[in-house]
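Comments concern the structure below.
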Amino acid sequence: MNPTRAEIDLSKLAFNLEQVRRHVHGEYPKRKVRICGVVKANAYGHGIEEVSKKLVELGIDFLGVANYDEAIRLRRLIPNTPILVFGTLIHSKLEPSKYVSILHKHNLTATVASYDTAKFLNDYSRRFKSRFKIHIEVDTGMRRIGLDHKSAFETIKQISALKNLELEGIFTHFATSEEKNKTFSKLQLKRFNKLLGDLKRAGIEFPIVHSANSGGVLDLKGSYFNMVRPGLLLYGYYPGSGVRNKIKLKPVMNLKSKVTFIKKIGTRESVSYGRKYFAKQPEFIASVPIGYGDGYWRLLSNKAKVGINKKLYRQVGSVTMDWIMVALGRKYSIRIGDDVLLMGEENGFNIGADKLAKLCGTIPYEMLCAVADRVERVYLNG
Ligand SMILES: Cc1ncc(COP(=O)(O)O)c(C=O)c1O
């Protein structure tokens, strides 16, 4: 059995959701703000099925996924909770009636980012008794997908005339809500609010309005409307240093392996590919079976620390596909089979995905999503 695994502590997921709820509902005690738990990209590497099951058990209102494949897979397991698909359809290449019937069968909620998509869903939905639920995405500055806020009013008026669609929601997405400087987020919010006002005056209102991702949840009270869409917060990390420590969080994933080999090397001997580390004195080196093939980044070479028993040790030499090496010093007390913490928080060590991300020049999202499929997910406290 490969000792490398990602331990996913579902009680920490519950803790984080509770913190989000208190924060959001504390702001608006009288108003119901729904929570859409974002579980796309295999729940940020944590396992979409187990995480979604737990969130549903905890009473989550919506689940958000990136594409229809994720949604269909999830619907098999989660029969009732609404699933909002953030991605858009590439309808020109589809067999329309077949495709739309799959979406209907799985009771999915589609994001509509263009009039064409709305028309497509409308035309092929005619045969179904229920109307197709859609949320319209408005691009207020992210410039990814969505109706351009400048022309969205006219397009939404056209979409609202389509008879086989249920306009359940409208949303936008922030480009910089995790930053301390909220100028651009506030501009996005202003554009969104203006559109909502114009639509309301024209008699078009949506039951569900949302915009807040994790950064918005933490730091932009005016962005909640009546649903928020946190992803990273649920997994126990802050989306950026500008919004740290606003609520307490616990990292849900501990990436772990075991010491499997120990040897002594001499002064000026090198370790691993490319000879990027030389021993200054005789020392013991442990080998741990995790590498970039498991999602432990090669950019961490000679930079990261790992936790073994009660101490932090330096990872030395290049990270290889399947192994890393750890400097134990001149004497050591660890044994083959001892647990190694590579990412996460345990025994007072914090080797968070955010810290490792900094060493690699990336973001915690990418560190978590990088954990490879070959790493077994072990669920705790379900
Ligand atoms: C449309 C949408 N909403 C919400 C989120 C969740 O973002 P975060 O993980 O920053 O909370 C994402 C993720 O990028 C997203 O694409």
The residue that is farthest from the ligand (Cβ to nearest atom), considering only those in segment 361-376 that are open to solvent by 20 Å² or more (accessible area, probe 1.4 Å) and farther than 26 Å from ILE262 by Cα, is ASP373
Cβ pairs under 7 Å, 6+ apart or interchain, first in segment 169-190 and at positive phi, second within 11 Å of the ligand (Cβ to nearest atom) and among the aromatic types (Phe, Trp, Tyr), ordered by first then second residue, are none
Exclusive hit being more than 15 Å from SER257 (Cα to Cα) and open to solvent by less than 60 Å² (accessible area, probe 1.4 Å), set VAL306, VAL340, VAL316: VAL316
Under 30 Å from ARG374 (Cα atoms), open to solvent by less than 40 Å² (accessible area, probe 1.4 Å) and at pLDDT 95 or above - does that describe any residue in segment 214-228? yes
How many residues of segment 347-359 are modelled with pLDDT of 95 or more and surrounded by fewer than 17 Cβ atoms within 10 Å (Cβ to Cβ)? The answer is 4
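So that you can scan it fast, the table gives a plain yes or no per residue for (1) part of a helix (DSSP H, G or I); (2) free of Cβ contacts under 8 Å to residues at least 24 places away in the same chain; (3) open to solvent by less than 50 Å² (accessible area, probe 1.4 Å):
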residue	(1), (2), (3)
ASN2	no, no, no
LEU13	yes, no, yes
CYS36	no, no, yes
LEU63	no, no, yes
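Look through VAL20, VAL24 and report the one residue that is within 15 Å of the ligand (Cβ to nearest atom), part of a helix (DSSP H, G or I) and touching a Pro at 6+ places or on another chain (Cβ under 8 Å).
VAL20
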Test: residue in segment 86-108 that is among the acidic types (Asp, Glu) and either farther than 19 Å from LYS163 by Cβ or within 16 Å of the ligand (Cβ to nearest atom) (or both): yes
From THR109, THR140, grab the single residue that is in contact with a Ser or Thr (Cβ under 8 Å, 6 or more places away or on another chain) and either open to solvent by less than 10 Å² (accessible area, probe 1.4 Å) or not assigned by TED's automatic domain parsing to the domain that holds ASP61 (or both). THR140
Here is a check on your reading of the model: is ASN67 open to solvent by 50 Å² or more (accessible area, probe 1.4 Å), within 16 Å of the ligand (Cβ to nearest atom), of a type outside the set (Ser, Thr, Tyr) and over 30 Å from GLY197 (Cβ atoms)? yes
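Test of understanding: among ILE290, ILE285, which residue is open to solvent by less than 10 Å² (accessible area, probe 1.4 Å) and assigned to a loop (DSSP other than H, G, I, E, B)?
ILE290
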Can you tell me which condition GLY295 does not meet? The list is (1) surrounded by 19 or more Cβ atoms within 10 Å (Cβ to Cβ); (2) within 14 Å of the ligand (Cβ to nearest atom), and all the others hold. (2)
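The values are calculated or read from the model by the stated rules, or taken from the named source; none is laboratory data. What you see is a predicted model; the values in this text were computed from it and never measured. Using ideal geometry, Cβ is built from the backbone for each residue, glycine included, and neighbour counts are taken over all protein chains shown. The protein model used for the area step is the full one, side chains on, heavy atoms only, and it has no ligands, DNA or RNA in it. Shrake-Rupley method; radii C 1.70, N 1.55, O 1.52, S 1.80 Å.
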